[in-house]
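Q: Quick one: this structure, given as structure tokens, is what I'll be asking you about.
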Amino acid sequence: MTRPTTVAGLRAHLDATLTPAARAWLDQALAEAAAGAQMWEVRFAEAGRRAGLEHADTTRVVLLHAARAEPATLSRLYAQGTAAERRAVLTALPHLVTGAECLPLVEDALRTNDTTLVAAAVGPYAAAHLPAHDWRHAVLKCLFTGVPVSAVADLEHRAHADAELARMLRDFAQERTAAGRPVPEDLHRVLTRTAPAKKEA
């Protein structure tokens, strides 16, 4: 099933899948977040236990949205959070931050070898704000760590006619081949997207 991409869609998904007890907890947590009560950050931390690990990421994203979390709050929650909490912050960025203020969080996640953080880091926020040089290296990071390139938001548009990305991909493939290691199939998928559009005759 396709994951909802809007906060309203995420909330509807939770309403349809959470247990009655978890829904009641979420209703209270969202009310606290909307009211600006500091308790909502405790709810953010306990989301895995109260909503279930399967729904924790989505629950945390809707909590952050209800709280209208600003970049300073997002940065603090990311810095202090577990890997799961950091992943939720990264996922929430396109719903909350219109500018590039939170790029340091994306850059930090891309320096890790936690594939769940890397996958969350290359979402729509990175697609909109990550500079070309850093974005190309993020794509390579996905290939190197085994994160499916389907996680890279707006790949089709950003990779199109990118000769530098094509060069980096070929170099990476040559290095893997020289070392006797397989070239990720996803590399070829990205490489085809770097080709410029064919001119009509």
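The values are calculated or read from the model by the stated rules, or taken from the named source; none is laboratory data. Model, not experiment: these values are computed from the prediction. No Cβ is skipped: glycine too gets one built from the backbone with ideal geometry, and neighbour counts run over all protein chains shown. Calculation scope for accessible area: heavy atoms of the full protein, side chains included, ligands and nucleic acids excluded. Shrake-Rupley method; radii C 1.70, N 1.55, O 1.52, S 1.80 Å.
Q: Enumerate the pairs (first residue in region 108-125 and among the polar types (S, T, N, Q); second residue anywhere and surrounded by 17 or more Cβ atoms within 10 Å (Cβ to Cβ) and not in a loop (DSSP other than H, G, I, E, B)) with beta-carbon separation below 6 Å, excluding pairs fewer than 6 apart on the same chain, so at least 6 apart or on different chains.
A: Thr116/Arg87
Q: Shifting gears a bit: For region 45-60, check the following and say yes or no: at least one residue is closer than 16 Å to Pro94 by Cβ and in contact with an Asp or Glu (Cβ under 9 Å, 6 or more places away or on another chain).
A: Yes; the residues of region 45-60 include at least one that is closer than 16 Å to Pro94 by Cβ and in contact with an Asp or Glu (Cβ under 9 Å, 6 or more places away or on another chain).
Q: Are there any pairs, at least 6 apart or on different chains, whose C-beta atoms fall under 7 Å, with the first in region 86-107 and over 18 Å from Thr58 (Cβ atoms) and the second part of a loop (DSSP other than H, G, I, E, B), and if so, which?
A: So the pair list comes out as Leu103/Leu130; Val106/Leu130.
Q: Taking region 19-44 only, how many residues are charged (D, E, K, R) and open to solvent by less than 50 Å² (accessible area, probe 1.4 Å)?
A: The total comes to 3.
Q: Ala151 - would you say it is surrounded by 14 or more Cβ atoms within 10 Å (Cβ to Cβ), in contact with a Gly (Cβ under 8 Å, 6 or more places away or on another chain) and among the aliphatic types (A, V, I, L, M)?
A: Spelling it out, Ala151 is indeed surrounded by 14 or more Cβ atoms within 10 Å (Cβ to Cβ), in contact with a Gly (Cβ under 8 Å, 6 or more places away or on another chain) and among the aliphatic types (A, V, I, L, M).
Q: Something else now. If you check Ala47, Ala16, Ala67, which single one turns out to be over 15 Å from the mean Cα position of the chain (by Cα), more than 23 Å from Ala126 (Cβ to Cβ), buried (at least 16 other Cβ atoms within 10 Å of the Cβ) and not β-branched (Val, Ile, Thr)?
A: Ala47
Q: In region 1-13, how many are open to solvent by less than 50 Å² (accessible area, probe 1.4 Å) and more than 22 Å from Arg86 (Cβ to Cβ)?
A: Of the residues in that region, 1 qualify.
Q: While we're here: How about region 88-201: which helices (runs of 4 or more DSSP H) wholly inside it have at least 3 residues that are under 30 Å from Leu10 (Cα atoms) and in contact with a Ser or Thr (Cβ under 7 Å, 6 or more places away or on another chain)?
A: Fully inside region 88-201 and qualifying: 115-121.
Q: Ala92: exposed (fewer than 14 other Cβ atoms within 10 Å of the Cβ) and small (Gly, Ala, Ser), yes or no?
A: In short, no.
Q: Failed condition for Gly52, given (1) within 28 Å of His137 (Cα to Cα); (2) surrounded by fewer than 18 Cβ atoms within 10 Å (Cβ to Cβ), with all others met?
A: Exception for Gly52: condition (1).
Q: Gly146 versus (1) loosely packed, with under 14 Cβ neighbours inside 10 Å; (2) touching a residue at least 60 places away in the same chain (Cβ under 8 Å): which is the lone unmet condition?
A: Going through the list (1) loosely packed, with under 14 Cβ neighbours inside 10 Å; (2) touching a residue at least 60 places away in the same chain (Cβ under 8 Å), Gly146 breaks only (2).
Q: Out of the residues in region 154-178 that are open to solvent by 70 Å² or more (accessible area, probe 1.4 Å) and among the small types (Gly, Ala, Ser), which is nearest to Tyr125 (Cα to Cα)?
A: Ala163
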